[in-house]
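The values are calculated or read from the model by the stated rules, or taken from the named source; none is laboratory data. Keep in mind that this is a model prediction, so the values were computed, not measured. Ideal geometry is used to build each Cβ from the backbone, glycine not excepted, and the neighbour counts take in all protein chains shown.
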There are 2 protein chains.
Amino acid sequence: MFFEGSEKKAEILVDASKLNLLTDINDQFWSEFVECCHAKILSSISNAHCKAFLLSESSLFVWQDRLLILTCGETQLVNSVTHFIEQKGTDAIVHFIYQRKNEYFAQAQPSCFGDDIKLLSQYLPGKAYRFGEMDSHHNYVFHLDNDFKAETEDKTYELLAYQISDLASKKLTEPNLSTLEIRNYLAIDTLLPGFDIDDFVFEPYGYSLNAIKGEQYLTIHVTPQADSSYISFESNLNLIRLAPTILAILSPRSFDLMSFNEHDFEALLADHIDSSYISKSLVNEQLSNGYEVSFANFIRPQTQFSKPVELDISGDNYAL
Amino acid sequence: MFFEGSEKKAEILVDASKLNLLTDINDQFWSEFVECCHAKILSSISNAHCKAFLLSESSLFVWQDRLLILTCGETQLVNSVTHFIEQKGTDAIVHFIYQRKNEYFAQAQPSCFGDDIKLLSQYLPGKAYRFGEMDSHHNYVFHLDNDFKAETEDKTYELLAYQISDLASKKLTEPNLSTLEIRNYLAIDTLLPGFDIDDFVFEPYGYSLNAIKGEQYLTIHVTPQADSSYISFESNLNLIRLAPTILAILSPRSFDLMSFNEHDFEALLADHIDSSYISKSLVNEQLSNGYEVSFANFIRPQTQFSKPVELDISGDNYAL
């Protein structure tokens with residue numbers, strides 16, 4: 001069963017004195033907000049800094065002055081963004097970023113990145129970039145073109161693992177796994193000591209986790225099925241330092257690391273990514289909004305011939 | 001300007017005693033045949049064995065007992081195949097193979113491989129495989145599931161070069177290039193001594209070449225524009241042996257080699273692909289139709305960070 005794990009991601013930064021996202025907006029609004037892209041709120045956790053919603057398709061994090069939403073599958077996240085703008089206006093918005101990865105199966109998506117930014121540009125005129133090559137892993141970034149300047153310590157990280165090992169895929173597709181079993185398998189106690197955690201196991205498989213601790217957050221989304229496996233980590237924790245632990249568990253054939261404002265990106269890669277992985281893409285840019293964006297794709301070279309995948313023509317999934 | 005260079009490819013093998021493709025079918029039929037997928041015949045060359053048509057989107061080769069058609073862009077090649085079957089029936093067809101590569105921009109295609117084989121299966125029931133990973137270069141192969149057994153010496157090769165060097169891209173997008181200048185740049189005299197050649201330079205750029213000599217054929221299709229460059233070679237000449245010459249000229253960042261019935265594929269790669277390229281995918285299968293199919297994707301590791309591509313939001317091409 002194919003599922004498109006790759007997420008679209010939107011970040012809206014606001015002037016909290018004009019619109020405090022934690023105190024001026026209620027859960028009913030967030031519920032409608034995510035329904036605009038056909039997602040649903042499953043549960044939430046919160047602390048003094050942040051409210052984290054686990055969604056039927058990924059996650060929504062809300063701080064006083066910022067929201068971050070990631071949605072996967074065939075959701076059309078831009079529709080949530082335009083709903084937000086139509087309901088709340090643009091006066092309080094100090095910055096906006098929209099991101100989209102290449103998908104496994106782009107033709108099944110209701111829109112492409114070009115369609116998305118054509119729509120968004122009507123509300124929030126901006127600039128757009130592609131990090132990574134067209135015929136390989138890449139990540140599109142669109143941002144509002146205004147005088148916003150990100151603080152240099154405003155750092156976020158993504159680790160996106162593709163084609164996890166057969167062992168990891170088998171484990172994570174076992175029937176009736178509990179959240180505890182998956183937490184143990186993913187070494188969540190080691191990765192996230194002392195975090196509040198909200199997680200969910202989907203039927204027949206798939207797993208999402210939100211974790212918060214003070215101002216720190218991390219979210220994990222697991223699409224474990226063999227052949228189209230995809231596991232994403234997004235956090236303001238340094239995921240390059242955590243990469244060795246994650247890669248040891250999942251052993252992906254390919255992975256991306258991306259960061260906003262990790263100024264030691266290159267040195268961290270050298271220190272933490274072992275030489276069994278080869279860098280296929282390395283891209284870096286200081287954007288005009290103050291974010292230094294870095295992207296790297298790593299692959300594990302193949303030395304043995306494998307068999308092709310025979311497609312089940314009798315089913316509906318043979319496009320894959 | 002983006003153009004989808006990746007081809008769809010169909011091969012129809014017939015019993016020439018029932019339907020001789022060279023003598024029983026006239027050019028008017030081939031003209032209608034290619035128009036079914038919105039391509040046009042530009043010119044043709046022929047010898048005692050083969051007639052080679054240069055198309056507005058790639059090439060058609062016709063032998064007594066076989067036809068090979070490759071079409072690029074947004075052509076829907078399956079419509080030509082179903083036209084052939086509706087006009088000529090299936091009695092004379094002894095085998096059929098349909099192939100499709102991953103595209104740069106799959107969402108712009110009128111159909112995906114799954115749609116194509118759903119249609120084809122109504123006429124020619126078969127089996128389908130994917131050579132290469134979903135999140136990387138891959139090639140779908142569908143073949144009629146009958147008792148046909150290919151001869152072991154029935155060998156064909158493809159070399160598909162992606163992201164050619166800036167130098168090669170600049171040269172091949174120069175205005176008003178002549179066919180002779182492109183032939184010289186591609187070292188056609190060295191690659192194809194003594195071949196009859198038919199070639200065409202497209203506006204504003206792009207180049208196609210058909211070459212025949214006895215039973216030998218080679219076709220080249222050049223989409224040279226930076227960022228989405230793609231150059232394909234398809235031949236019954238051993239393209240693995242020719243790869244060093246081709247790679248030295250184009251210096252692609254990534255390329256695929258594929259073969260039907262090159263039984264020394266692995267050894268030839270070891271002998272002819274230099275160590276600046278790393279094998280990302282290696283796939284091999286002995287199909288039930290007698291063809292041993294091999295696929296390899298090579299990449300050149302990156303060690304330096306490059307800049308992202310800034311997309312021109314004012315234009316129509318910013319999806320790319």
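So, in region B:89-128, of the ones that are of a type in the set (Ser, Thr, Tyr) and surrounded by fewer than 20 Cβ atoms within 10 Å (Cβ to Cβ), which residue ends up nearest to the other protein chains (Cβ to nearest Cβ)?
My answer is B:SER121.
I'd like to know if region B:184-196 contains one or more residues that are in a helix (DSSP H, G or I), within 14 Å of chain A (Cβ to nearest Cβ), farther than 26 Å from B:VAL81 by Cα and not basic (Lys, Arg).
No, the conditions are met nowhere in region B:184-196.
Failed condition for B:GLU285, given (1) more than 18 Å from the chain's Cα centre (by Cα); (2) surrounded by fewer than 17 Cβ atoms within 10 Å (Cβ to Cβ), with all others met?
Among (1) more than 18 Å from the chain's Cα centre (by Cα); (2) surrounded by fewer than 17 Cβ atoms within 10 Å (Cβ to Cβ), the lone unmet condition for B:GLU285 is (2).
Which one of these is within 30 Å of B:VAL94 (Cβ to Cβ), touching a Ser or Thr at 6+ places or on another chain (Cβ under 9 Å) and either of a type in the set (D, E, K, R) or assigned to a loop (DSSP other than H, G, I, E, B) (or both): B:GLU133, B:GLU153, B:GLU158?
B:GLU158
What residue, among those in region A:64-78 that are of a type in the set (A, V, I, L, M, F, W, C) and closer than 18 Å to A:GLU158 by Cβ, is modelled with the lowest pLDDT?
Only one residue fits best here, namely A:CYS72.
Within region B:22-51, work out how many residues are in a loop (DSSP other than H, G, I, E, B), over 17 Å from B:LEU70 (Cα atoms) and touching a strand residue (DSSP E or B) at 6+ places or on another chain (Cβ under 8 Å).
The total comes to 4.
So which residues in region B:161-183 are under 30 Å from B:GLU285 (Cβ atoms), out of contact with any His (no Cβ under 8 Å at 6 or more places or on another chain) and not in a loop (DSSP other than H, G, I, E, B)?
Selection gives B:ALA161 alone.
Kindly indicate which of A:ALA296, A:ALA270 is within 13 Å of another protein chain (Cβ to nearest Cβ) and part of a strand (DSSP E or B).
A:ALA296
Residue check: is A:LEU124 hydrophobic (A, V, I, L, M, F, W, C), in contact (Cβ under 8 Å) with a residue 24 or more places away in the chain, over 24 Å from A:ASP199 (Cα atoms) and in a helix (DSSP H, G or I)?
So A:LEU124 fails the test.
State all residues of region A:49-71 that are among the small types (Gly, Ala, Ser) and either over 13 Å from A:GLU215 (Cα atoms) or without any contact (Cβ under 8 Å) to a residue 24 or more places away in the chain (or both); if no residue qualifies, say none.
A:SER56, A:SER58, A:SER59
Would you pick out the residues in region A:95-121 that are in a helix (DSSP H, G or I) and closer than 26 Å to A:ARG66 by Cβ?
A:PHE113, A:ASP115, A:ASP116, A:ILE117, A:LYS118, A:LEU119, A:LEU120, A:SER121
How many of the residues making up region A:127-168 are in contact (Cβ under 8 Å) with a residue 40 or more places away in the chain and either of a type in the set (D, E, K, R) or at positive phi (or both)?
Matching residues across region A:127-168 total 12.
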